[in-house]
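I have placed the structure first, in the form of structure tokens, so that the comments after it can refer back to it.
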Amino acid sequence: MTQALIQIRNLHFSRGRSKIFDGIDMDIHAGRITAVMGPSGTGKTTLLKLIGGQLKPDAGEIMVDGLNVHQLKRADLYKLRQKMGMLFQSGALLTDLSVFENIAYPLREHTNLSDSLIRSMVLIKLQAVGLSSAHHLMPSELSGGMARRVALARAMALDPMMIMYDEPFTGQDPISLGVLVKLIRDTNNALKLTSIVVSHDVDETLSIADDVKIISQGKVVAAGTKEEIKHSDSPWVRQFIDGQADGPVPFHYPGDTIEQQLLQDIR
Amino acid sequence: MKALINSVSRLGRGTIFLSKILAGIPQLFLRFQLVVQQVYSVGVQTLFITLIAGLFVGMVLALQLYYTLTTFGATDTLGMIVDLSLVRELGPVVAALLFAGRAGSALTAEIGLMKATEQLSGLEMMAVDPVHRIIAPRFLAGFISMPLLAAIFSAVGILGAYSVGVDLLGVDSGAFWSQIQAKVDFYDDVMNGIIKSVVFGFIVSWIAVFEGYDCIPTSEGVARATTRTVVHSSLAVLAMDFVLTAIMYQ
């Protein structure tokens, strides 16, 4: 197994009174695709924001490439972020810039490359996601799948060491879904990246993941390689992978039973 | 009590936010194109409503004053009174209220939607500070545009008053202009009006960008923030106008 590019130790994070993470430990290995899966609302996106230093944990630490993300000075954090690409669920493209300008944006901000070199680089990135002919379009003219592919090209613009994908498959038609699955796999292999895919789309995510972590109710309830997870007999894993309505994550929202509630009405 | 704590906390967040914006302004001189683009969308696009409003305010002032001044046989002073009203009070205040309604609300909605669609987070993850690249140019553009809009409002208002007073109601054209020339002081009246509009531009732009940046990133959150921008900046403009007038014309 390769060394861990990201090490998460004893991570605690709360939002108001609700505890999102209650002492999570996790290693993300370099060169692999790690899927972080779990039911909606378990804090998968929050985990990416914590890794990217956009949120601060209540306790615990996150080491990325040997650096403690939350103890870095702002300038150092920004330097580290240049090595971290992130694909947001919505694409997060700047709506007042064309596809070309969106991808050129990080290059213009962080490099002194000439316009002709930037143009070549942008077109190469767009070619990689199959959209080099769409460089003149505005984000409002793109379909959801195309927007995510452009966002992926933008995330790759600075040749990062890792890319974080936030729910890349949500709301995609089967063709876009197939394209995205292929792109994530190919990008990771070709650029020798480390990828973290946060998702609850079981089939698509398992088809490309090397490692899988399942989080639920603030804890990592299962972790292992894809094969280990597929054949796990843990009730948490089985409920999630098989899509069972009831199990460790209960069907009924916790609280009074229906009998108690009806009796309260009578009294 | 909870509302009070919330208000104080928002004021604190707003002040810290303002200090970050101000810290980002020197960098903007290297990328002045960003400010120029925003002056267009914040200032130039507010120009039409300012011109129309200024014209009508000047025309109504002339009408109202003419009928009152006729009673005293003092219609020659019409131009001077209209000019003083516009330059000292109505120009800066009404232009600021229009600015809050047109440009302030647009700024809040734009920034709020950028937050809701994760564009601001996206910039942060690209190692670009959204306060420096998105917020500071908009704030500076608002600050620059406001005094210019107020000056245009007053100028057009005076022309509106001239057209009604002189062309329609028969006030003497020479008296209209010479009274203005004689009684309106550049420093006491015009400069004080400009200072007011600079202060209003600062307040409205600050409130607008802060409300957008601080909003809850949902449709309802953005709608509420936009409403708050218009209400809070209008009230702040009126309150500051009283304070500034009290200081300036003791």
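A few comments on the model shown:
- The helices (runs of 4 or more DSSP H) found wholly in the stretch A:190-267 and carrying at least 2 residues that are under 30 Å from A:Met156 (Cβ atoms) occupy A:202-208, A:226-230.
- Lone qualifier among A:Leu107, A:Leu123 - being touching a helix residue (DSSP H, G or I) at 6+ places or on another chain (Cβ under 7 Å), within 14 Å of chain B (Cβ to nearest Cβ) and part of a helix (DSSP H, G or I): A:Leu107
- Taking the listed residues B:Leu78, B:Leu63, B:Leu120, the one that is over 25 Å from the mean Cα position of the chain (by Cα), within 13 Å of chain A (Cβ to nearest Cβ) and either part of a helix (DSSP H, G or I) or crowded, with 22+ Cβ neighbours inside 10 Å (or both) is B:Leu120, with no other qualifying.
- Count of residues meeting criterion [surrounded by 14 or more Cβ atoms within 10 Å (Cβ to Cβ) and within 13 Å of chain B (Cβ to nearest Cβ)] in the stretch A:65-92: 18
- Scanning the stretch A:48-64 for residues that are outside any strand (DSSP E or B) and more than 14 Å from chain B (Cβ to nearest Cβ) yields A:Pro57, A:Asp58.
- Selection count, the stretch B:171-216, where residues are of a type in the set (Val, Ile, Thr), under 30 Å from B:Met114 (Cβ atoms) and assigned to a helix (DSSP H, G or I): 6
- Residue identified as within 14 Å of another protein chain (Cβ to nearest Cβ), within 19 Å of A:Met86 (Cα to Cα) and surrounded by 15 or more Cβ atoms within 10 Å (Cβ to Cβ) among A:Val181, A:Val150: A:Val150
- Hits in the stretch A:198-222 - residues which are more than 18 Å from A:Met164 (Cα to Cα) and surrounded by fewer than 18 Cβ atoms within 10 Å (Cβ to Cβ): A:Asp203, A:Gln217, A:Lys219
- Where A:Lys19 falls short, out of the listed (1) away from every other protein chain (no Cβ under 13 Å); (2) out of contact with any strand residue (DSSP E or B) (no Cβ under 7 Å at 6 or more places or on another chain); (3) assigned to a loop (DSSP other than H, G, I, E, B); (4) surrounded by 14 or more Cβ atoms within 10 Å (Cβ to Cβ): (3)
- Residue within the stretch B:106-113 that is buried (at least 20 other Cβ atoms within 10 Å of the Cβ), modelled with pLDDT of 90 or more and under 17 Å from the mean Cα position of the chain (by Cα) present: yes
The values are calculated or read from the model by the stated rules, or taken from the named source; none is laboratory data. Note that the structure is predicted; figures quoted are calculated from it, not measured. Methodologically, a virtual Cβ is constructed for each residue, glycine included, from the backbone with ideal geometry; neighbour enumeration extends over all protein chains shown.
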